[in-house]
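The structure appears right after this line, and notes come after that.
The values are calculated or read from the model by the stated rules, or taken from the named source; none is laboratory data. What you see is a predicted model, and the numbers here were worked out from it, not measured in a lab. All Cβ positions, even for glycine, are placed from backbone atoms using ideal geometry, and neighbour counts span all protein chains on display. Please note that ligands, DNA and RNA were not included when accessible areas were found on the heavy atoms of the full protein model with its side chains. Shrake-Rupley method; radii C 1.70, N 1.55, O 1.52, S 1.80 Å.
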Amino acid sequence: EDDIGVYKPDISLTKIVFPSVGGEQVPFPREWEELMLPDKADIMKEKWKYVWRRTIFYVYFFTLLIYIQHFPASLQSTHVCAWILLILWFEIDVTSDKNNYLIRLVHSLCFIGSFINASFVLCLLVLDKEWIPKISKQLRGNEALTWIVVAWMNFLPPLWVVIDLYLHRSDLMERHNLIVPPNWPTQFFRVSLQIFWIIICLPLILSIWAISGASDFAISDLAPKNFYIIVPVFLLITLLLASVFILTLRKRRIERLQRLLSSQDYHDYGRAEIN
């Protein structure tokens, strides 16, 4: 049995052991072997998924180098830090279980952080009408270029992480292994810690960032009263995004498969093959 209590048959190239026949070996159906082989369409799909992730990584990596070269002081900005986090995420191989712990640490932070960063910039645009002109002064007064940079840095990353979640959902479900509800006590503490990190990771990082004295509001003339509105809204958005993240990647205990493996059809098949 695996860690969620589901029986896994012992499969080899020619034999399979069913629980219904007391561990005696019966012939492995040849048509099952053909179904186990990946087809060309699946191989090409995996290839293009890999190429897409590498494209996002390299494009954002080189544009980040150019941006930092022209604006070295921007490294103190949360926008650039979110940009770096996005680059790190698309560098991680999500198809291998070698990076399970790193994926569990970074993925939720990147996913939720990209949306919070976009919301943060949207608040700046709404509450401070002079924010774009201030930024455009660093780009030789070109407001059109400023809008492109702002959209590229802040509004497109949420789209990329959603597409990535859609394309690699099955792989990410295996990497996170968020079994809900978890078995007690083998999975309870691990899954509870993961859910706690998904919810608290971004507020924790931003709190440390604020305590350190770094703040993007230093370039804005926003009134202090706006902070009492923005912070609760951001916390609510974070909680909603964390809930969507958990519900999307959770793995349910497979009671249906358990019932199937103990069904009469398996018993009848096993007895027929042995006889």
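Which residues, taken from the range 51-72, are among the aliphatic types (A, V, I, L, M), open to solvent by less than 80 Å² (accessible area, probe 1.4 Å) and farther than 16 Å from Asp164 by Cβ?
Answer for the range 51-72, where residues must be among the aliphatic types (A, V, I, L, M), open to solvent by less than 80 Å² (accessible area, probe 1.4 Å) and farther than 16 Å from Asp164 by Cβ: Leu64, Ile68.
In the range 168-191, what residues are at pLDDT 90 or above, open to solvent by less than 50 Å² (accessible area, probe 1.4 Å) and in a helix (DSSP H, G or I)?
Asp171, Leu172, Met173, Arg175, His176
Considering Leu88, Leu145, Leu122, Leu105, which residue is within 25 Å of Val244 (Cα to Cα) and at pLDDT below 90?
It is Leu122.
For the range 73-159, which fully contained helices (runs of 4 or more DSSP H) count at least 3 residues that are open to solvent by less than 20 Å² (accessible area, probe 1.4 Å)?
Ranges flagged: 78-91, 100-127, 131-136.
Between residues in the range 117-131 that are in contact (Cβ under 8 Å) with a residue 60 or more places away in the chain and residues that are among the aromatic types (Phe, Trp, Tyr), which pairs lie under 7 Å by C-beta distance while being six or more apart or on different chains?
Ser119/Phe234; Leu124/Trp131
Can you tell me which residue within the range 57-69, out of those that are touching a residue at least 24 places away in the same chain (Cβ under 8 Å) and within 15 Å of Val150 (Cβ to Cβ), is farthest from the chain's Cα centre (by Cα)?
Ranking the qualifying residues of the range 57-69, first place goes to Tyr67.
Please go through (1) modelled with pLDDT under 85; (2) of a type outside the set (Asp, Glu); (3) touching a helix residue (DSSP H, G or I) at 6+ places or on another chain (Cβ under 8 Å) for Trp160 and return the number of the only condition it doesn't satisfy.
Failed condition: (1).
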